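Take a look at the structure below.
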Amino acid sequence: MSSRKSLIKIKPNSYKDGEIVKVSFMVMHPMETGMRKDKTTKEIIPAKYVNSVKFEYNGKVITTMNVWESLSTNPVFTTYMKINGEGKFSVTYSDSTGEVHEKSMKIKPKG
Amino acid sequence: MKNTIKIALSLALVCSLSYASEQFAMSDADREMYAEMLEDNPADIMVANGGELLEEFCGGEAGLAAFFKISEDELPAYIAGFPRYLEEFKQVVGLDQALQGLMHKNGHKPFALKSSDMFDMGSYAKSLANGVKLQIDIDANKHMKEAYALGKLTFEQKRGSRGLSCLSCHSPQVIGGILRTQPLPDIGSNGNASAATWPAYRMTKSSLRTLQRRFQGCMNNALLAVIPLGSPEMVGLEVYFTQEAKGSEIAIPGLKR
Amino acid sequence: MQRRDFFKQLGAVATIAAISPAISFADEAKKPKGPNDLSFKAALDAITGGKGAVESSKVSLKVPEIAENGAVVPVTVEVESPMTDSDYVKAIHILATKNANTRCIDVHLTPANGKAMFATRIKLGDTQDVTAIVALSDGTFLSASQNVKVTIGGCG
């Protein structure tokens, strides 16, 4: 199921080799700060936030991020990337409780 | 004028109403920035999940078209006509209820109307009609006429300890007034076109919500007893809102404060 | 509390306030301490190694003037840079000056990004400045700041 909890978007949909495209990674994540109280139980909700994200393209690291609890729930990470041949774009992310996930997408430039 | 003041007073009891709007008026640049956020709407994840659920439990778009006895090409226009009277149900139903029927027919236990799986799948199904104009026909038959009348009644009827109705806050006279820092939205085709932009990602709730679920939010806040999803009154309200926004292009998922 | 202690504290706060006028001690007292709490000054020092950052028009920071909802505030940072191996933006840091942990995200870019841009959404507890600190490949630091007013409320 975890693969359904995140999404990679590349814009435009179709691109050429050498083109600079916009990449977005979105993930369903509570981004709990550890400072919020549960409204009913009044207990502090333990911290659980994405703390690192890595963008890789055919095994080469493009962008890495240290993330803190102030990012919004279900965070979005958007940057650019230069298309450089066919292959795989992958995102690895971990959270403060030690969970690690990966999501990837095929890169297929046209012409 | 007197009437407006009376409404304002009863509203003030629930939330504080002010018309000092310029203090909170958003600049065009701000509005544009929020509009740009639609490009990366977190609800896209949920809608994509909905697409996989539709494949798994309803046979995808082909299964949906077959269930409605239409071709796949006709699906977007057909979806844009919901809520509809469906013979199998002997009543006017929302798209989510139609999906429940299809799940049942396929031998699956239908998702509850209030489940996030149903929100996801229903949003995906409605997004198949993105770009198509809402084309509800409230004169199609007597059932649609009745559903519209019930919806209008539910919209206008004062209820709850504050004696408020939906109309108290959503009438043309009060649109743009500020209620607890939020402008009262125009739900019709000249404004938010609510029926064309819900299901939407609700930023304050960090989740994908349907139009009927949004109705419940207002009921809660205005101290009106909450009506269950899928009930004739709720479907009627959806019919009413869809008629108000008729002609607006469907754009799912929306993104709301 | 002793009157003298109170003034001593006030003095200490005043020196901080001179650097970051956004800090108000009434707020500080209310907030529970989080494990990552870090003031803006400390974060700026850590990022720039004490060198500080120069405000620059090369850094474009886009945030709303008025956030309609503090839980989801869009932030976009764009930096003028050729993004070549010899001249590129190494990192973009986004800081919410008044949040208990002022750091939101550190983004480490490479020339393979092609363009120096990063966009996300942050939580702001209160009206405050949002600051972007940009690390360039030549070891210098640029910055841009903008105030965001946070409104709360609404119905439903």
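The values are calculated or read from the model by the stated rules, or taken from the named source; none is laboratory data. These numbers come from a predicted model, not from an experiment. Cβ: placed from backbone, ideal geometry, glycine included. Neighbour counts: every protein chain shown. For accessibility, only protein heavy atoms count, side chains too; no ligands or nucleic acids. Shrake-Rupley method; radii C 1.70, N 1.55, O 1.52, S 1.80 Å.
Could you give each residue of region B:214-223 its phi-based ³J(HN,Hα) in whole Hz, using Karplus coefficients 6.51, -1.76, 1.60 with θ = phi - 60°, and x for Gly or Pro?
Rounded to whole hertz, the list is 5, 4, 4, x, 5, 4, 4, 6, 8, 6.
How much accessible surface area, in Å² rounded to 10, belongs to the heavy atoms of A:Asp17 with a 1.4 Å probe?
Roll a 1.4 Å probe over it and A:Asp17 shows about 80 Å².
If exposed means no more than 14 neighbouring beta carbons inside 10 Å and the site is in a DSSP loop, what's the longest run of chain B without any exposed GluC sites (Glu not before Pro)?
Longest stretch, sites excluded: B:89-257.
In whole angstrom, and with the biggest value first, how far do the Cα coordinates of chain B range along each principal axis?
Rounded to whole Å, the extents work out to 55, 42, 30 Å.
What's the total accessible area buried between chains A and C, using a 1.4 Å probe, rounded to the nearest 100 Å²?
When A and C are taken together, about 2500 Å² of accessible area is lost.
Using the beta-carbon distance between A:Glu86 and B:Arg162 and R0 = 51 Å, what value does 1/(1 + (r/R0)^6) give for FRET efficiency, to the nearest 0.05?
With a Förster radius of 51 Å, E is 0.25.
For chain A, compute Rh as the Kirkwood radius over C-alpha pairs and then the Stokes-Einstein diffusion coefficient at 37 °C and 0.692 mPa s; write the answer in µm²/s, rounded to an integer.
The Stokes-Einstein estimate is 216 µm²/s.
Sorting B:Leu95, B:Leu128 by accessible area (1.4 Å probe), largest first, what list results?
B:Leu128, B:Leu95
Which sequence of B:Arg162, B:Arg209, A:Arg36, C:Arg121 reflects their accessible areas, 1.4 Å probe, from the largest down? Before the final figure, lay out the partial values.
Details: B:Arg162 90, B:Arg209 50, A:Arg36 125, C:Arg121 25 Å².
Sorted descending by solvent-accessible area, the residues read A:Arg36, B:Arg162, B:Arg209, C:Arg121.
For all pairs of alpha-carbon atoms in the protein assembly as shown, what percent lies in each bin of width 10 Å, listed from the first bin to the last filled one?
3, 16, 25, 24, 18, 9, 3, 1, 0
Take peptide B:32-41, look around each residue's Cβ out to 10 angstrom, count Cβ atoms belonging to other protein chains, and average those counts. Spell out each step's value before the answer.
Numbers: counts 2, 9, 6, 0, 4, 5, 0, 7, 14, 4.
Mean shielding by partner chains, rounded to a whole number: 5.
Ordering A:Trp68, B:Trp198 by how much accessible area each has at a 1.4 Å probe, largest first, what is the list? Provide the component values of the computation, followed by the final result.
Working: A:Trp68 45, B:Trp198 10 Å².
The ordering from most to least exposed comes out as A:Trp68, B:Trp198.
How long is region C:36-150 along each principal axis, judged by its Cα atoms, biggest number first, in Å?
40, 27, 23
Accessible surface of A:Thr40 in the full protein assembly, 1.4 angstrom probe, to the nearest 10 Å²?
Accessible area, nearest 10 Å²: 120 Å².
Under the rule of at least 5 residues apart or a separate chain, name every residue whose amide H is placed under 5 Å from the amide H of C:Ala100.
none
Under the definition of partner shielding as Cβ atoms of other protein chains within 10 Å of a residue Cβ, what is the mean value for peptide B:188-198?
Taking the mean over all residues of the peptide, I get 0.
Note the count of lysine pairs whose C-alpha atoms are less than 17 angstrom apart in region C:26-114, limited to pairs 8 or more residues apart or on different chains.
So the count works out to 7.
I'd like the Karplus ³J(HN,Hα) series for region C:39-49: coefficients 6.51, -1.76, 1.60, θ = phi - 60°, whole numbers in Hz, and an x wherever there's a Gly or Pro.
Result, rounded to whole Hz: 6, 4, 4, 5, 5, 4, 4, 5, 5, 9, x.
Please work out how much accessible surface B:Arg213 shows to a 1.4 Å probe, ignoring ligands, DNA and RNA, in Å² rounded to 10.
70 Å²
May I ask you to list the lysines whose Cα is less than 21 Å away from that of B:Lys246, ignoring any residue fewer than eight positions away on the same chain?
B:Lys126, B:Lys133, B:Lys142, B:Lys145, B:Lys152, B:Lys256
Straight-line reach from A:Lys106: which lysines have Cα under 19 Å away, leaving out those fewer than 8 places along the same chain?
A:Lys5, A:Lys9, A:Lys11, A:Lys16, A:Lys22, A:Lys54, A:Lys60, A:Lys82, A:Lys88
What does the helix-only formula give at 222 nm for chain B: each DSSP H stretch with n ≥ 4 adding -39500 (n - 2.57), the total divided by the residues, and the result rounded to the nearest 500 deg cm²/dmol?
-14000 deg cm²/dmol
What's the average, rounded to a whole number, of partner chain beta-carbon atoms within 10 Å of each residue's beta-carbon in C:101-107?
For this peptide, the per-residue mean of nearby foreign Cβ atoms is 6.
Residue-wise, which Karplus ³J(HN,Hα) couplings in Hz belong to region A:47-63, taking 6.51 cos²θ - 1.76 cosθ + 1.60, θ = phi - 60°, and x for glycine or proline?
Going residue by residue, I get 4, 7, 9, 4, 10, 7, 9, 10, 9, 10, 10, 6, x, 9, 6, 9, 8 Hz, with x marking Gly and Pro.
Residues with amide H under 5 Å of A:Ser52's amide H, sequence separation 5 or more or different chain, H placed in the peptide plane at 1.01 Å from N; which?
A:Val67, A:Ser94
Would you pull out the residues with amide H under 5 Å of C:Ala91's amide H, same chain only if 5 or more places away, H placed 1.01 Å from N?
For C:Ala91, whose amide H was placed from the backbone, the distant partners under 5 Å are C:Leu109, C:Ala135.
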